[in-house]
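Some notes on the structure that comes next.
The values are calculated or read from the model by the stated rules, or taken from the named source; none is laboratory data. Bear in mind the structure is a predicted one, so any value in this text is a computation, not a measurement. Cβ sites come from the backbone with ideal geometry, for glycine too, and all protein chains shown count toward neighbours. Remember, those area values only see protein heavy atoms, side chains included, never the ligands or the DNA or RNA. Shrake-Rupley method; radii C 1.70, N 1.55, O 1.52, S 1.80 Å.
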Amino acid sequence: MLAIGIKYHLESFTTKENCADSLGTGNVPVFATIMMIGLMEKTCVESVLPYLEPGQDTVGTHVNVSHAKATPIGMKLCCDSELIEIDRRRLVFHVAAYDERGLIGEGTHERFIIDKKRFVEKTYSQTQ
C-alpha cells in the first residue's frame, strides 16, 4: 500500500555518455543536469512500482531541483527518494543525489498515478 515515508536508493556512475558535453547540454565533461534529473525520476518510479495496482504506472509532472556541484567521469553516484505527500493520484517526493564527495543536487519531484493503457490510448488518439 502506498504510504508517506516510502524510501528508495539507486546507484549509478558518471560516464562519458551521461556528461554535458556528450549530450549537447554544456561543453564540459561532467555529469549532466538532465541525467541527474533522470536518475531522480527513475529512483521515484522504482520506489512506488511495487505498491501500484496491475496496469498502473506513474508519469512525471513537475521537477524542482538544484544541481549544485559538478561530478567528473568515473565517479559513483547515488540517489535517494522519499515519498513525502500523497493527494489522491498525485505523489510528491523529496530527492537528493550524491557523488563520492557529497550532495550534488536535491529538491522535489511530482508524479501522477495513471492507468497505463488508457493513458497511452488517449495520448496517441490526440495525434490523429
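Brief remarks on what is shown
- If you go through segment 20-66 and keep only what is assigned to a loop (DSSP other than H, G, I, E, B) and open to solvent by less than 40 Å² (accessible area, probe 1.4 Å), you end up with G26, A32, L52.
Yes or no, residue by residue, for (1) within 10 Å of the chain's Cα centre (by Cα); (2) farther than 26 Å from R118 by Cβ; (3) of a type in the set (A, V, I, L, M, F, W, C); (4) modelled with pLDDT of 95 or more:
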{"site": "H9", "(1), (2), (3), (4)": "no, yes, no, yes"}
{"site": "E17", "(1), (2), (3), (4)": "no, yes, no, yes"}
{"site": "N27", "(1), (2), (3), (4)": "no, yes, no, yes"}
{"site": "M35", "(1), (2), (3), (4)": "yes, yes, yes, yes"}
{"site": "T43", "(1), (2), (3), (4)": "yes, no, no, yes"}
{"site": "V63", "(1), (2), (3), (4)": "yes, no, yes, yes"}
{"site": "Y98", "(1), (2), (3), (4)": "no, yes, no, yes"}
{"site": "G107", "(1), (2), (3), (4)": "no, yes, no, yes"}
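- Near pairs, Cβ below 6 angstrom, 6+ apart or cross-chain, from segment 49-73 (under 13 Å from A32 (Cα atoms) and aromatic (F, W, Y)) to any residue that is crowded, with 16+ Cβ neighbours inside 10 Å and modelled with pLDDT of 95 or more: none
- When segment 68-112 is filtered for residues that are out of contact with any Leu (no Cβ under 9 Å at 6 or more places or on another chain), surrounded by fewer than 21 Cβ atoms within 10 Å (Cβ to Cβ) and within 30 Å of P29 (Cβ to Cβ), the ones remaining, listed by number, are A70, P72, I73, G74, M75, K76, R101, G102, L103, E106, G107, T108.
- Residue within segment 79-93 that is among the aliphatic types (A, V, I, L, M), in contact (Cβ under 8 Å) with a residue 40 or more places away in the chain and more than 19 Å from V45 (Cβ to Cβ) present: no
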